Structures are given as structure tokens and as C-alpha cells.
Amino acid sequence: MPDSLYQRMQQLVSELNTAADAYYNGKGELMTDHEWDAKYDELLKIEQTLGESLPDSPTGRVSADTISGQKEEHEFAALSLAKTKKIEELVKWAEGRKIWISWKLDGLTLVVTYDDGKLSRLVTRGNGHIGTNITHLAPAIAGIPATIAAKGHIVIRGEAVISYDDFDKFLLESGEDYANPRNLASGSLTLKDVNEVKGRHIRWMPFTLVHTPEDIVSWGERMEWLDKLGFLTVSRQQVGIPTIENVEKCIDEFTRQVTTRQNPYPVDGLVVCYDDTDYAATGSVTGHHATRAGLAFKWQDEEAQTTLETIEWSCAAQTISPVAIFKPVELEGTTVRRASLCNISECERLGIGGPGSYISVIKANKIIPKVVRVSQAVGKLDIPEHCPVCHAPTEIKESQQSGTRTLHCTNIQCPAKKLRKFARFVSKEGMNIDGISEQTLAKFINQGWVTDYSDIFALKEYIRKIAAMEGFGDKSAANIVNAIEKARSVEPVHLLYALSIPLCGIDVCKRLLSEYSLEELVSEATGTTGDLFAAQRPAEEVFANTSGIGPEKSAAFVTWFRNPDNLASYNKLLSQLTIVSTEPTVRGTMLEGKTFVITGDVHHFKNRNELKAFIESQGGKVASAVSGSTSFLINNDATSTSGKNKKAQTLGIPVITEDEFLSMTAE
């Protein structure tokens, strides 16, 4: 028995360390939190039974990032938090003292130090004791000001995260393949080019003030102090004297925000900490956990067993990914019947078989369906030898960095490889074709109906076939066709964005169109302006002098239009559209120097984007989150208990209705 336990201990250490390495190297994610926790707890029990552990056991060390560079010892060790999935254990840990509950953001922990108001260093968490100095990247990370209005030695710990929206946009614009926002953030911090990192839209959000010369004992007051300095700190709620009832109510509110996607940043649980920071510092260190520094709360994943019906191979921009289709199960209040299996390596790790296999499924962090276990495999995984879309031969590639095996189509012109570009084309910021999701586009591509942008405007020819497809019907098909017809009239900025030109997000498109008309942009790019030397101008020079563009973006834009296939596709698309000319807006100054945040529904404007455009046209700025630099929060429900309203009230920022805003601008 001890021998078998020892062998199992070795196996678990190997699996957990492999998964940890994949998690921290910025590519791939071989194990869900659910699986990690189960294996970690099993390993811990075996170690306790045997009375020993292996030297490289994850139970006795802090997982480290793999970012290379100059190593520095942390002034204050960044130890891990003990975890629980039970509210009863959380309440017991609190010991009847006031606590705070905040998001456990899923990114990379960075420690920021200021001396007499100036940023002095930025260091990764590393292994908790020694990290990597990446101070040179500070200008590329939002939320880390170069100076603050505070004296003395200040140390702040926070999380570098990328929002889901920015993650999706990056994948569309770059064509690169990352598993999730956390992996993109991790991979980005290994780069040397500050401008390249800046394009990843990483934001640093403080989650604790480690050291300050100010005499502030309350954790909540420390966070408010950071807010007043202009930092965008992690969202949080205070619980008075903790009871099962009030803690459960607080956690339910955080859970609701997760399941309804109200939180724009990825999270992997919650953090509980004492309000009394002096008391928190009195705890002991057990393993690599500080017993009173805080507690990580993980959601208890609801697990269901079901039967695999088939494996569907879904074609995307980079890979052909396996998707498990199984008999429907109820999870977290919804019916689930499909879950991504990510890649061949994941299928092999799980031991996925064929139809009839018994599998266990969860919704990781209450959102993403995951297959976590195969209890009985029937047959074996059938890997297709031909692409499901274009029928070209497939090939299996193995990543040199992570060893992950993925399936690819060998046809570089395969329409499925354009899926993300088509998704951007129909998006709200693009052509705004309502009712066509990425999943719907994939079905149209698989049918062979969409191979070019202009084909989307010919989908009316397939209305009968669309109506007959699973999940559609006559009404859905008619709605899609109506949305397509409505999208035929488009403003230049949305058309340019929809084309998925590399490095050309909505801001770049606006900047170009602020100095050129659409026709002038294309003429300048293609060298058809009548200037004999225009066609010979290097691509990086054509628009380099346009404000906010520069050589790299100029080269990307011009190179795209100088490609004959792209130009032909663009001209073919133009024949289907009516370009709505937009006269340059006369810029006002009545809101100059003011920063607004908008939340909730609007009534006088078509949508929040139109309100944002008006504010910007009058010299104001619109931010996505409330901070110390916010002038006004616009919310028609001024009595709302939303996170933004609470933060505005905490910082003393006026919360005004849309009517009050209009009165302000009418003065």
C-alpha cells in the first residue's frame, strides 16, 4: 500500500508541476482549477499519510512565473493564500472580525514601489521571494503612474490583467493564438518592446497596500487612500461581523456578476482579508501560506456525469479544435450539451474516447463548460485526416515551447482561418450585423456560403436553408437578412475597422479618417493619387506623420491595401455598400478637462457610444472605470448599489442622471 501511495504521489507531483509550467509560460492551459484543486488536495492527503513529500512538490513551494530578466528579492514576501470552497470555513477563519471580500483577479501579480512620489521599481511576483525587475515596461501598463502625490516609501501589490474585450480584439487583430487573457498577459510581459506591450492593453489593479509611511491600520481605508491617489483598485465589499448569512449574501452578489459577465476582467475566485492589517500581520507562515494574510475562496464547481455523443471538430483561425457533444445536463441553472476540449493533448490527457464514453462536466468559474474526467472510455478518439471545411489534408503540430499537440488545416486559403476576421466584420464596431455570432458564422463557413466579406451580403440566397438549420427557423433567418440589409449603409470608420487590417483598431481608423476621406486613404495607400512617386513610397512613410499613427501602423495599413487580393476584396465589398459620409464634427470645449464614466441605460441618446461621442466632441474624456480622476459618473439610476456607484460615492464623485448631464451642457 505505501508503495502504491508513493507512486501516486510521484504521478500527482509530475502532473501538477507540468500544469503549473504551462500556466506560467504564457501558452496553453493543461488543467482546470477544478482538476488542480482535486489533485492538489489528493496529494496533500497522501503526503500527510506517508509523513513525507517530494522536494519538488507544489504543496511546499510557491509556483513561479518564468519571466526572464534581472532578479530581485522582494522587500515583503508575496506568499500564497490558503484556500477554501466552504463558507463555513471562511466564517471560522474570520474569527468574528471585520473582513473584506474582493475579486481574485486572474492575471500576474506585480509589486510596484514608489519613493517620494516617483516610481522606483516594478517587479513580478516570481516565487514570492524573488521576482523579475520589469520597470522598463511600466509605461506600457495602464494603471501604473510614473508619479503620485505621496511622500515616503510606498509598496503596492496588484494584478496585471487583460479584459475579455481587449483579449478578443487582440486575437482578431493579431491572428495569434492564446488560451485566455491571463496567458496573453503572461506572454506579453516577456517582451522587450514597450510599444508592443502597450498594444496588449494590460491594466494593473492594486489589491493591497503593502507598506506606507501613513498611519493607516484599516485595509479598507488603505484601499481608499490608493483610490484618492488615482489608482483603479480591485472591486470589494465589506462584511461587518461575518456570519454564514451575510457572507453568503456577499458571495452571491459577486457570483451574480460573474455569471452575468458584468465584471470585464477574468477572475478565479475571491479574496477574503481582515480589515485590521495589524492583526493580519500577526499570523504565522505554514508552508508557503501566511495564515492571516488572507484567504482565497474558490467556487464549488457543480459536476454532472453524462454520455459523450460525438466529437465535433471546429475550424478556427489557427487550429481545428475538438468539441465534446454530450447528452444535455443541468449545470449552474442552465442546460449544457457541448464543451471545448481545446486540443489533441487535452484529449489525450483526459483519455477521451468515442461516442458512448462516460464523462464528467463542470462550468469552470460558473461560466465555461469543461470536461474534467473520463470515467469510462469507449473506443478511441478519431482525429480527422481532412479539414471539415475545405477538405484539405490536416496535420498535427507540436509546440516547441509547451509540447501541446494541435490539429491544423494545411490549406492557407481555408475560409475557416478567416473566422475571427469575419467575426470582427459583423461586430458592433464593424458592420454591426445583429444576429450573426461567431458560432453562426462558423456554420455558414462550414456550409461554403461565406468565403469573402461580400458573401455575407449574399446570404439572402440561402434564407430557406438557414431557416431549416438547427437552432434557427423562419423568424431567425428573416432577422439575419434584415440586419444584413440594414448594414449596407455604413460609416467609413466602421468599414475600415471591419476589414481587420493589422494594427488598425477603431482608434487608428478614427485618426486616419480625421485627416483623410476614405477615398483619399485608399488612393494614398495604393499610390493612385496622380503623384508619379506615390506608388514607390515606402509603406511605413505614407501615413507616418498622421497624429498617433507612426511608421509601424502606416506600414500595416498601406501593405494591406497594396495586396492585390485584399484590394479586389475591398472593391467587391464596396459594390454592395452605401458609404454614409460623415462631416467633420466641430469640436467644442464646454467639457474640456472633465472625465466621465457612463453606466446603465441611456434614454436621450441612441446608446452609450453616442453619448460618449458627444462628450468627446465637446472636449471631454470618457473612461471605463471610476477612479480618483473621474469628474462625474452618469447613471440614470442614481440610487443604484452597483460597484461603480459605490466607488463614486466612496471617492466623493458626483453621480448624475442623463437629464442633469444635458442641463450641464445646455448652460
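Testing the spin-label approximation: label points 7 Å from Cα along Cα→Cβ at Arg562 and Thr243. State their distance in nm.
Those two pseudo-labels are separated by 7.2 nm.
In deg cm²/dmol and to the nearest 500, what is the mean residue ellipticity at 222 nm of the chain if only DSSP H runs of at least 4 residues count, each as -39500 (n - 2.57), divided by the residue total? Don't skip to the answer; put the middle values down first.
Details: 23 runs with 228 residues, N = 667.
When only DSSP H runs of four or more count, the value is -10000 deg cm²/dmol.
Please compute the per residue accessible area over the chain with all protein chains in place, 1.4 Å probe, rounded to a whole number of Å².
It amounts to 48 Å² per residue over the chain.
Tell me, what is the FRET efficiency for Ile130 and Val194 to the nearest 0.05, using R0 = 22 angstrom and their Cβ-Cβ distance as r?
Here the calculated transfer efficiency is 0.40.
If each Cα of the chain is one equal point scatterer, what is log10 of I(q)/I(0) from the Debye formula at q = 0.06, 0.07, 0.08, 0.12 Å⁻¹?
-0.39, -0.54, -0.71, -1.60
Expressed in nm to one decimal, what extension gain is obtained for the pair Asp41 and Ser340 from 0.36 nm per residue of sequence separation less their Cα-Cα distance?
On the way: separation 299, 0.36 × 299 = 107.64 nm, distance 2.56 nm.
Extra length from Asp41 to Ser340 when fully extended: 105.1 nm.
Given points 7 Å out from each Cα along the Cα-Cβ axis, report the Asn545 to Asp278 separation in nanometres with one decimal.
Modelled inter-label distance: 6.5 nm.
In the range 213-252, carbon and sulfur make up what percent of the accessible area (probe 1.4 Å)?
Roughly 44 percent of what the probe reaches on the range 213-252 is carbon or sulfur.
Would you mind working out the magnitude of the charge dipole of the range 625-667 relative to its Cα centre, with +1 at each Lys and Arg C-beta and -1 at each Asp and Glu C-beta, to the nearest 20 Debye?
That gives a dipole near 340 debye.
Dipole of the range 463-556 (Lys/Arg Cβ +1, Asp/Glu Cβ -1, origin at the Cα centre): which of Tyr497, Ser517, Pro551 lies farthest to the positive side?
With unit charges placed on the Cβ atoms, the residue in question is Tyr497.
Please work out how much length the chain gains when fully extended from Asn609 to Glu52, using 0.36 nm per residue of separation minus the C-alpha to C-alpha distance, in nm with one decimal.
Here the answer is 194.5 nm.
Hey, got the dipole for the chain? About the Cα centre, +1 on K and R Cβ, -1 on D and E Cβ, debye to the nearest 20?
That gives a dipole near 460 debye.
Quickly work out the Ala149-to-Glu214 label distance, labels modelled 7 Å from Cα along the C-beta direction, and quote it in nm with one decimal.
If labels sit at Glu214 and Ala149, their model points lie 1.2 nm apart.
Test of understanding: what is the full-extension gain from Lys71 to Glu660, defined as 0.36 nm times their sequence separation minus their Cα-Cα distance? Walk me through the numbers before you get to the answer.
Values: separation 589, 0.36 × 589 = 212.04 nm, distance 5.27 nm.
Length gained, Lys71 through Glu660: 206.8 nm.
Please give the peptides 385-398, 623-636 ranked by average Cβ packing (other Cβ atoms within 10 Å per residue), highest first, as a rough proxy for protection.
623-636, 385-398
Restricting to bridges with both residues inside the chain, how much of the DSSP beta-bridge set is antiparallel, in percent to the nearest 5?
85 percent
Which of the residue pairs Lys366/Lys475; Lys621/Lys647; Lys198/Lys228 have a Cα-Cα distance greater than 21 Å in the structure shown?
Lys366/Lys475; Lys198/Lys228
Projected onto the charge dipole of the chain (+1 at Lys/Arg Cβ, -1 at Asp/Glu Cβ, origin at the Cα centre), which of Ile148, Leu574, Ala94 gives the Cα projection farthest towards the positive end?
Leu574
Probe radius 1.4 Å, ligands and nucleic acids left out: which of Asp37, Asp474 has the largest accessible area, and how do the rest follow?
Asp474, Asp37
Please turn the phi angles of the range 41-47 into ³J(HN,Hα) values with the Karplus equation 6.51 cos²θ - 1.76 cosθ + 1.60 (θ = phi - 60°), one per residue in order, whole Hz, x for glycine and proline.
Values, residue by residue: 5, 5, 4, 4, 5, 5, 4 Hz.
The values are calculated or read from the model by the stated rules, or taken from the named source; none is laboratory data. Note that the coordinates shown come from a computational prediction; the quantities given were computed from them, not determined experimentally. So basically every Cβ, Gly included, is an ideal-geometry build from the backbone, and we count neighbours across all protein chains shown. Accessible surface is based on the protein model in full, side chains and every heavy atom, while ligands, DNA and RNA are left aside. Shrake-Rupley method; radii C 1.70, N 1.55, O 1.52, S 1.80 Å.
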